[in-house]
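The values are calculated or read from the model by the stated rules, or taken from the named source; none is laboratory data. Model, not experiment: these values are computed from the prediction. Ideal geometry is used to build each Cβ from the backbone, glycine not excepted, and the neighbour counts take in all protein chains shown.
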Amino acid sequence: MVLAAAGSAFASDYSVFNQHPDTTLIADGAWKVHDMSRPWPPSATPKPWAELEQGTKPPSGARILFDGTNLDAWNVPQPWILEQGVLQVRPVNTSLSSKDSFGSCHLHLEWRTPPESTKKSGQDRGNSGVFLMSTYEIQVLDTYENKTYPDGMGAALYGVKPPDFNALRPTGEWQCYDIWFKRPVFDDSGKMTSPACVTVMVNGVIVQKNVPFDGPSSHKKRPPYQKHADARPLIFQNHNEVVEFRNIWIQPLSDDAVLSPAGPVGINK
């Protein structure tokens, strides 16, 4: 077996199906989790909102999770409030979970951080996250002219992979996320046979293309896959920072029909 040195891009025999034994590294062993020396992605120009407007509307069969009128779809802890049509999390560490459970899906959401967030830096600037199936995190973080560890920047698969491009708008402006998610599949023994995978579009730019999660999202470590239900609640993280959300909807999809603008989503062994 060929071993890859941490911090290198040299291919090895390790993968999401045959994970590196050192759990401080990502599954293929190429980088340390939260490695500050990992390359920062190039910038990409966000598409104007006028070009995105049609795609922000929920398609037929989508579930409206938040349209600015009520929080009926959520289990709402105290720091989350509805104010002037916007869902806002205040800096108390209690997360928001959906009442219903979901598996494979297309999730749309829009978020922003207040202009005064520029007074903070790194992981303290508008930190939140979207946990698909309560487990697999797409990072929400204002990394417009704000450096942090690349696998923890906005639109990263947290602790796994930075986005291919940094397509965020300036602080204080609304950001647009579209996430196509294929749930993981487990066999009768509980072994993962098909990993959780995502394609992510930020402000009209594809920044993650059919990327597998190494396992449940975590900080500074790589936990193994654990068998769970085929559908679980969606969680929006409260990370002690003010973040605002609007226009949240989800389109449940069958496992064999997760199709993004960049192609099908899902990897089989």
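Output the residues belonging to region 241-265 that are surrounded by fewer than 22 Cβ atoms within 10 Å (Cβ to Cβ) and either more than 29 Å from W49 (Cβ to Cβ) or acidic (D, E) (or both). Across region 241-265, the qualifying residues are E244, S254, D255, D256. The residue pairs whose first member lies in region 53-64 and is at positive phi and assigned to a loop (DSSP other than H, G, I, E, B), whose second member is modelled with pLDDT of 90 or more and of a type outside the set (A, V, I, L, M, F, W, C), and whose beta carbons are closer than 7 Å, counting only pairs six or more residues apart or on different chains, are G61/Q251. The C-beta contact set for region 171-186 (first residue farther than 14 Å from F213 by Cα and assigned by TED's automatic domain parsing to the domain that holds Q208, second residue assigned to a strand (DSSP E or B) and of a type in the set (F, W, Y), distance under 8 angstrom, 6+ apart or interchain) comprises W174/W111; Q175/W111; Y177/W111. Among the residues of region 16-27, those that are assigned to a loop (DSSP other than H, G, I, E, B) and either polar (S, T, N, Q) or within 20 Å of the chain's Cα centre (by Cα) (or both) comprise V16, N18, Q19, T23, T24, I26, A27.
Table: residues versus (1) surrounded by fewer than 18 Cβ atoms within 10 Å (Cβ to Cβ); (2) more than 22 Å from Y136 (Cα to Cα); (3) among the charged types (D, E, K, R); (4) under 21 Å from the mean Cα position of the chain (by Cα).
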position	(1), (2), (3), (4)
I64	yes, no, no, yes
G68	yes, yes, no, no
D72	yes, yes, yes, no
V76	yes, no, no, yes
W80	no, no, no, yes
V86	yes, yes, no, yes
D100	yes, no, yes, yes
C105	no, no, no, yes
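Take the residues in region 137-164 that are of a type in the set (V, I, T) and closer than 16 Å to N210 by Cα, then tell me which one is surrounded by the fewest Cβ atoms within 10 Å (Cβ to Cβ). Going through the qualifying residues, I end up with V160. Of the residues Q208, Q139, the single one that is more than 18 Å from G263 (Cα to Cα) and either assigned to a loop (DSSP other than H, G, I, E, B) or assigned by TED's automatic domain parsing to the domain that holds Q88 (or both) is Q139. The number of residues in region 146-192 being touching a strand residue (DSSP E or B) at 6+ places or on another chain (Cβ under 7 Å) and not in a strand (DSSP E or B) comes to 18.
Quick one: how many residues across region 230-248 are hydrophobic (A, V, I, L, M, F, W, C) and closer than 12 Å to P79 by Cβ?
Step one: list which residues in region 230-248 are hydrophobic (A, V, I, L, M, F, W, C), which gives 231, 234-236, 242-243, 245, 248.
Then drop every residue that is not closer than 12 Å to P79 by Cβ, which leaves 236, 242-243.
Of the residues in that region, 3 qualify.
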